[in-house]
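Only one structure is covered here, and it is reproduced in the block below.
Bear in mind these aren't lab numbers, they're just calculated from the coordinates by the rules spelled out. Keep in mind it's a predicted model, so treat the numbers as computed, not measured. Here the Cβ positions follow ideal geometry from the backbone for every residue, glycine too, while neighbour counts run over all protein chains shown.
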Ligand SMILES: [Zn+2]
């Protein structure tokens, strides 16, 4: 099979993906050319992982490393009288949706001969990349915010990666990783187009698990937007193959305290606009400067969906409500439950529609912080 092709949306330059590359010479990000499409006959039915869709992936050969990522449960639960489908991306090998992108990205990088790698992450992507690097023997260094949840730091450390805690903003962590790109390969889940090639399999899975139909609405906790971009890419390939007609509405859910996509959306802009940022309990979606924000905004508009920014005080009740349905998730994922409550309430989503809520990360990732939320909730009123 031939190598895939990257192109730069900023300057139009084209590259053959035959060596590790993380950005264009002009400094812009790179995207993969349109995929070859996906149809029912392409599915490897006996393969209970995302590799059942290998025929649609830009990888050259079969995977060199897999930890069984993908093919996660889709379960129906009652939410305010509506039947809602929850996609349990929290049940991936490392407990978050990131494994979908990491597995495909790491396999591509091995194919083209990568050596030592490094990455910056608020936690989940770092844990995912450290784990897959360990599984295939690549030296790995992860730059994390100094206040990243302990569970995520432990997960990175136990995989044997070199953990570098960076004080300051999330952007300071990203800057430290970019500054290190002369020392080792910057295997950034936010820059690598092959990460989105992996997340596109979420679209294929929803389509297959719904009996080869598409839902009406999909709610996704969104920071840099790799699931939004992956979903658009996946549904696009299904539509071009004639497997589906129409598209689901995609809704990006953000924490109002750090909401780059919401700020641009409400300003009616299709590019980044400066916005005030504060800390949020939804640490996984606190992304001050999403690399592909223009593409994320475009994908949301094309799908006729939108952006919902939820307040801190909406997140904890949603997390507890999810937990009492048997869905133990981290606060970042619970933000989607908070958005669902609001959208059912204001009629944006109707109970008769098919709605999928993507639960991106396990509650085990942030058990300490969830414990603090519970203590605050159950404290006697005179102590408040
Ligand atoms: Zn360029």
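Laid out as a table, the results:
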item: Least to most buried among 374, 231 (fewest other Cβ within 10 Å first); result: 374, 231
item: Virtual spin-label span in nm between residue 245 and residue 146, 7 Å along Cα→Cβ; result: 5.9 nm
item: Share, in percent, of DSSP beta bridges within the chain that are antiparallel, nearest 5; result: 30 percent
item: Packing-based ranking, highest mean first, of 349-362, 79-92 given that Cβ atoms within 10 Å are counted; result: 349-362, 79-92
item: Along principal axes, Cα extents of the stretch 1-147, largest first, whole Å; result: 52, 46, 32
item: Fewest-first sequence of 240, 247 by Cβ atoms within 10 Å of each Cβ; result: 240, 247
item: Mean residue ellipticity (222 nm) of the chain, computed from DSSP H runs ≥ 4 via -39,500 (n - 2.57), nearest 500; result: -10500 deg cm²/dmol
item: Additional length obtainable on full extension of the chain from residue 341 to residue 55, 0.36 nm per residue less Cα span; result: 99.2 nm
item: Residue with peak Gaussian network fluctuation, the chain [Cα springs, cutoff 10 Å], from 94, 199, 348; result: 348
item: Theoretical FRET efficiency, 1/(1+(r/R0)^6), r = Cβ-Cβ of residue 169 and residue 11, R0 41 Å, to 0.05; result: 0.90
item: Two-site FRET efficiency, residue 353 against residue 181, from Cβ-Cβ distance with R₀ of 45 Å, rounded to 0.05; result: 0.50
item: Listed residues 14, 329, 296, most fluctuating in the chain (Gaussian network, C-alpha, under 10 Å); result: 14
item: Estimated FRET transfer efficiency (residue 80, residue 33; beta-carbon r; R0 35 Å; 0.05); result: 0.25
